[in-house]
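Here it is: the structure, laid out below.
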Amino acid sequence: MPDPKLYLLAMASSVIASLLLVLVTLAVARPASATRLNIASILGIGFGLVVGYNVLSLRLAWPPANGLARLLLIIVPSAIGVELIAGFPYIPRSVAWLMRICLAAAAPRILLHGSVYLNGPGSDLDRWQSAAQLVLCSILLIGVWRLLTLLSERSPGISIPLALAMTAQSAGLTIMMAGYIKGGAATIPLAAALVGTTVATELMRMRTRLLGTIGIGVVGLFGILFIGRFFGRLSTVCALTLLLAPLLLWVTEMPMLRHRKSWLVGSLRLLLVAIPLAVVLVLAKQDFYLKMAPLL
């Protein structure tokens, strides 16, 4: 059974660990530039994830035996590595995006490795359909990644990583109510680490583009939803709604909203994203009680 106290402890541990690592790193590496803040945030997320997963006692053996283990041991560390390399100023943007595209193309195939979706009995048509699904998932991942990165370049701020954290946590709760407890719990350290690094950025009072934080957040969110859809009972509609919800941040780029006060734009962004998340959670809760009612 889920242990709320353990989840809260994991959340608090990840927030504190990521926040402290960012602040300590920037205190040592003076002066605190935008590049150093971006790299410190990436390292902070990684440290927060390690601490959070240790608190949750997630046993991850190598080689990874399932989709969740491959997400946490291969995909997320790869995203951290890609964003660390891309964060250095002398890395061309084309090279950075080539690495991101390669990761997005490989992620669905890695997550489904050894599963019935790839190795099960089926006709050539089934195999073509599976390949088309993998390509579509890769396109969705790189599309969301690119759009949120572009938004951060146009209008940097803490609302983007906070929206990703909020979406990741909502995805975790939805996946738990769909019956995949361990997969849903894995989102807790991710959401908390995103919050911790974002708070550290706000404490430094630096309005900068947290591209690394956004990249890791998008990849982590996609991976959780992907395994929830293929290895849990998360519906395709719910998965797509949660993945695309952060794109509502673009609404504030309308001329009548874009030049408002930053705190007002940020609050409106979070409210826009919260609306579809709340709808998904309410529907998931209703479905959960409908299925569980005969057992209560």
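In the range 240-250, is there at least one residue being surrounded by fewer than 16 Cβ atoms within 10 Å (Cβ to Cβ) and assigned to a helix (DSSP H, G or I)?
Start the filter on the range 240-250 by keeping residues that are surrounded by fewer than 16 Cβ atoms within 10 Å (Cβ to Cβ), which leaves 240, 244.
Filter once more, so that each one left must be assigned to a helix (DSSP H, G or I): 240, 244.
Yes, the range 240-250 contains a residue that is surrounded by fewer than 16 Cβ atoms within 10 Å (Cβ to Cβ) and assigned to a helix (DSSP H, G or I).
Filtering the range 33-50 down to residues that are aliphatic (A, V, I, L, M) and buried (at least 21 other Cβ atoms within 10 Å of the Cβ), which residue is farthest from P189 (Cα to Cα)?
Here the residue is L37.
A quick yes/no check of all residues on (1) in contact (Cβ under 8 Å) with a residue 12 or more places away in the chain; (2) surrounded by 21 or more Cβ atoms within 10 Å (Cβ to Cβ):
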site	(1), (2)
A86	yes, yes
R109	yes, no
V116	no, no
L151	yes, yes
S170	yes, yes
M177	yes, yes
Y180	yes, yes
G184	yes, yes
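List pairs: first residue in the range 261-290 and on the phi < 0 side of the Ramachandran plot and free of Cβ contacts under 8 Å to residues at least 40 places away in the same chain, second residue assigned to a helix (DSSP H, G or I) and surrounded by fewer than 16 Cβ atoms within 10 Å (Cβ to Cβ) anywhere in the structure, Cβ distance under 9 angstrom, at least six positions apart or on different chains.
As it stands, the answer is L264/L257; L268/V251; L268/L257; L272/V251; P276/L244, since those pairs meet every condition given.
Do we have R146 as under 22 Å from I42 (Cβ atoms), charged (D, E, K, R) and over 16 Å from the mean Cα position of the chain (by Cα) here? I'd like the intermediate steps shown before the answer.
Values: under 22 Å from I42 (Cβ atoms): yes; charged (D, E, K, R): yes; over 16 Å from the mean Cα position of the chain (by Cα): no.
The answer is no for R146.
Does the range 251-271 hold any residues that are basic (K, R), part of a helix (DSSP H, G or I) and closer than 15 Å to I158 by Cα, and which are they? It would help to see each step written out before you state the result.
Narrowing the range 251-271 to residues basic (K, R): 258, 260-261, 269.
Filter again for part of a helix (DSSP H, G or I), leaving 258, 269.
Across the range 251-271, the qualifying residue is only R269.
Can you name the residue in the range 153-168 that is among the β-branched types (V, I, T) and surrounded by 23 or more Cβ atoms within 10 Å (Cβ to Cβ) and, of all such residues, is nearest to V24 (Cα to Cα)? I'd like the intermediate steps shown before the answer.
Start the filter on the range 153-168 by keeping residues that are among the β-branched types (V, I, T), which leaves 158, 160, 167.
Checking which are surrounded by 23 or more Cβ atoms within 10 Å (Cβ to Cβ) leaves us with 160, 167.
On the way: I160: 23, T167: 28 Å.
The residue in question is I160.
Given (1) part of a helix (DSSP H, G or I); (2) touching a residue at least 24 places away in the same chain (Cβ under 8 Å), where does L234 come up short, assuming only one miss?
Single failed check for L234: (1).
Please give the number of the condition A239 fails out of (1) at pLDDT below 90; (2) within 18 Å of V279 (Cβ to Cβ); (3) among the hydrophobic types (A, V, I, L, M, F, W, C).
(1)
Here is a further query. Residues in the range 259-277: is at least one within 27 Å of L112 (Cβ to Cβ) and modelled with pLDDT under 90?
Of the range 259-277, the ones within 27 Å of L112 (Cβ to Cβ) are 276-277.
The next check asks that each one be modelled with pLDDT under 90; those that pass are none.
Scanning the range 259-277 turns up no residue that is within 27 Å of L112 (Cβ to Cβ) and modelled with pLDDT under 90.
Filter the range 8-32 for residues that are modelled with pLDDT under 90 and not β-branched (V, I, T); which is nearest to T187 (Cα to Cα)?
Only one residue fits best here, namely L23.
The values are calculated or read from the model by the stated rules, or taken from the named source; none is laboratory data. Computed from a predicted structure; not experimentally measured. Every residue, glycine as well, gets a Cβ built from its backbone with ideal geometry; the counts of neighbours run over all protein chains shown.
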